[in-house]
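Have a look at the structure below, then the notes.
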Amino acid sequence: MALKTPASRQTASTETRIIRFSTAERTVHWAVALAFLYATLTGLALWSPRLFWLSAIFGGGTTVRAWHPWGGVLFALFFAVMFRRWNRQMRLDGDDRRWLRLAHRYAVHDESGLPEAGRFNAGQKALFWMQASSGSLLLLTGLVLWWPEIMPRLLREISVLIHPIAAVVSIGGLIIHVYMGTAAVPGAFRGMTQGWVTSEWAASHHSKWYREIRRR
Amino acid sequence: MTTGPDLKAISATPGGAAATTRSHTVAKLIDTTTCIGCKACEVACQEWNNQQFTIGNFAGTYQTLPDLTHSFWNLIKFNESEQDGQPVWLMAKYQCMHCVDPGCLRACPAPGAIVQNANGIVDFNQDQCIGCGYCMTGCPFDVPKLNPITKKVHKCTLCTDRVSVGLEPACIKACPTNCLSFGTREDLLRKAETRVDALKEDGRPQAGIYNPEGVGGTHVIYVLAQADQPEKYGLPKDPRIPWTVALWKGPLKWAGNALLLGGILGAFLHYLRYGPKDSGKPADGID
Ligand code: HEM
Ligand code: SF4
């Protein structure tokens with residue numbers, strides 16, 4: 001999978017580009033991201049009176065109420081596609097479990113003793129499963145909130161609590177995810193936009209994966 | 001109308017409403033022992049509020065409809081019961097209770113869609129309503145109803161339009177037995193006590209007032225002959241704002257905001273302290 005730098009894109013450095021995410025994977029990722037962002041911003045408008053001003057950006061309170069659930073359903077659909085594609089690669093192995101126990105070292109850039117990461121590191125895998133569970137809860141409770149007039153009271157009373165709790169968990173995960181994917185790990189963002197990373201980047205952050213594709 | 005000195009609480013508005021100097025609040029008293037089920041109040045309500053009747057299905061009862069609807073805010077419940085081996089009706093007028101601590105208002109996310117006037121009336125402003133239906137879950141009496149076409153909730157306004165110009169609500173005006181009265185809450189609570197005493201003397205030891213504490217009391221007060229069993233009248237025994245709603249609109253809001261703000265702040269501080277990861281490891285260093 002290692003690429004030769006195309007002549008037209010040659011730069012001063014003689015970096016080797018490695019394809020990290022295929023066009024299909026990137027499309028799915030950004031579809032999930034956009035739907036999630038829309039659901040988050042419209043949901044937050046109703047979460048707190050101090051954020052109700054967000055509804056003005058999205059067409060007013062009534063529009064936000066009517067469209068947020070559709071944004072959520074789109075998110076769930078796109079996530080289902082992502083899930084089918086990635087769930088096998090996201091399974092945690094023994095190395096990952098040890099990695100998670102040492103995650104505090106990863107956080108302060110002291111990676112001594114940290115098991116090598118495969119295509120996804122254990123943190124990314126954990127985020128994936130967290131978003132999958134939280135997303136399922138959001139979908140189930142969101143459907144209840146969608147039609148309060150036909151839903152039993154007990155389900156509604158549970159959902160008004162679980163939907164925002166799951167939303168806070170998901171948005172919290174998103175904050176960490178965005179920080180890692182942009183500022184904290186230079187080079188990662190290009191992997192998800194243009195689809196390629198340098199061999200140095202791959203060797204440094206996902207050495208097990210890098211070795212694997214080198215062998216191929 | 002979302003501002004003004006005559007408001008006590010405004011939905012989704014931090015800080016609530018302006019202070020008020022008003023000392024009297026209004027109330028409606030329903031003496032169920034003298035209700036004859038004539039439905040004059042139902043008709044008056046429909047007439048004054050200019051609403052069409054919904055045609056329901058005959059369900060073997062004299063009751064007009066099984067429940068309140070978005071265009072039917074005043075229902076006489078024909079509760080069937082038994083007394084001394086005889087079937088009896090326990091008539092109970094059902095409508096918004098105008099709670100002192102309204103769960104609908106607490107649940108509402110739209111600023112100004114639900115207001116509580118200083119006189120105690122809880123009113124919905126359909127032009128601010130976004131149709132989420134949260135109030136339906138917040139209300140322990142299942143009163144607010146969503147219009148499926150316009151997606152706005154509606155309920156009894158305690159004829160705030162009449163009250164504000166010195167008239168009594170339409171239902172009160174129409175009642176032929178004086179079972180309904182309107183006045184200050186203080187006066188009516190006293191009147192209710194007098195009536196309960198009379199009922200007790202009359203051999204109804206269970207008689208009492210329904211003014212549920214769980215919602216801080218209500219501005220619609222009942223005299224019940226069997227106050228120990230309000231369920232028999234179709235009234236909840238110990239209504240409270242659901243604890244999940246109270247938790248959601250109280251501590252959860254603060255915890256959630258702290259977590260989200262803390263997350264964003266934490267990411268910034270992490271960057272300042274530790275900076276980005278470096279990718280300097282030469283690729284050849286591996287394997
Ligand atoms: C999966 C499908 C989803 C459905 C069907 C759904 C549905 C709903 C509904 C019906 C409401 C009530 C008001 C409104 O319509 O805006 C709501 C509120 C909300 N939703 Fe969703 N939603 C979904 C996904 C999401 C996602 C992915 C997020 C963001 C992570 C989210 C965050 C929120 C928030 C923060 C609220 C406000 C809660 C509050 O008032 O405290 N939802 N949702
Ligand atoms: S009875 Fe229901 S709708 Fe009426 S004030 Fe109380 S909570 Fe609100």
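The values are calculated or read from the model by the stated rules, or taken from the named source; none is laboratory data. Quantities reported herein were computed from a predicted structural model and do not represent experimental measurements. Because the Cβ atoms are built from the backbone with ideal geometry, glycine has one as well, and the counts that use them run over all protein chains shown. Calculation scope for accessible area: heavy atoms of the full protein, side chains included, ligands and nucleic acids excluded. Shrake-Rupley method; radii C 1.70, N 1.55, O 1.52, S 1.80 Å.
Within the set B:Val88, B:Val122, the sole residue that is in contact with a Ser or Thr (Cβ under 7 Å, 6 or more places away or on another chain) and either away from every other protein chain (no Cβ under 14 Å) or free of Cβ contacts under 8 Å to residues at least 60 places away in the same chain (or both) turns out to be B:Val88. The set of residues in segment B:246-268 being within 30 Å of B:Ala27 (Cα to Cα) and more than 8 Å from chain A (Cβ to nearest Cβ) consists of B:Ala246, B:Lys249, B:Gly250. Under the condition of being outside any loop (DSSP other than H, G, I, E, B), buried (at least 18 other Cβ atoms within 10 Å of the Cβ) and within 14 Å of another protein chain (Cβ to nearest Cβ), the residues counted in segment B:225-245 number 2. Does segment B:101-117 hold any residues that are at negative phi and away from ligand 2 (no atom under 13 Å from the Cβ), and which are they? Correct list: B:Pro109, B:Ala110, B:Pro111. Counting only residues that are open to solvent by 10 Å² or more (accessible area, probe 1.4 Å) and within 13 Å of ligand 2 (Cβ to nearest atom), segment B:118-134 holds 4 of them. A single member of A:Ala45, A:Ala76, A:Ala24 is surrounded by fewer than 16 Cβ atoms within 10 Å (Cβ to Cβ) and more than 16 Å from ligand 2 (Cβ to nearest atom), and it is A:Ala24. The listed residues are A:Arg97, A:Arg91, A:Arg26, A:Arg17, and the only one of them that is charged (D, E, K, R) and either at pLDDT below 95 or within 12 Å of ligand 1 (Cβ to nearest atom) (or both) turns out to be A:Arg17. Within segment B:129-143, none of the residues are assigned to a loop (DSSP other than H, G, I, E, B), more than 23 Å from A:Arg50 (Cβ to Cβ) and free of Cβ contacts under 8 Å to residues at least 12 places away in the same chain.
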